[in-house]
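Can you keep this structure in mind? I'll have questions shortly.
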Amino acid sequence: MAAKPSSHETTDHVAESLHHAVDSAAGRAGPAEERVRAQAARAADKARESAEYARTRSREVASSVGNYVQENPLMSLGIAFAAGTLVSSLLRRR
């Protein structure tokens, strides 16, 4: 009959197995972290580009509206009055 391993040998074997598992996980975690960092950097760049586009576009729209109001003051006043009336009636129904 084979001798039963001692608790010290069992502990050493489990510890060695755990060390291998940790080393293996660490080897895979490095490249995964690099991929996540690269994707986060791309997402941040895209967000900055989108924010810049939104700022530029909002300036263009504000300029366009300002020009329209200067060229058509009475029409602008009528549109503003109609929009205010519509919003007021919608808020009252709530």
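FYI, it's all coordinate maths here, none of it is from the lab. Keep in mind it's a predicted model, so treat the numbers as computed, not measured. Positions of Cβ are backbone-derived with ideal geometry, glycine not excepted, and every protein chain shown enters the neighbour counts.
Of everything in region 62-94, what is among the hydrophobic types (A, V, I, L, M, F, W, C) and surrounded by 10 or more Cβ atoms within 10 Å (Cβ to Cβ)? Give them in sequence order.
Within region 62-94, ALA62, VAL65, VAL69, MET75, LEU77, ILE79, ALA80, PHE81, ALA82, ALA83, LEU86, VAL87 qualify.
Moving on to the next point. From VAL61, VAL69, which residue is part of a helix (DSSP H, G or I) and touching a helix residue (DSSP H, G or I) at 6+ places or on another chain (Cβ under 8 Å)?
Exactly one residue qualifies, and that residue is VAL69.
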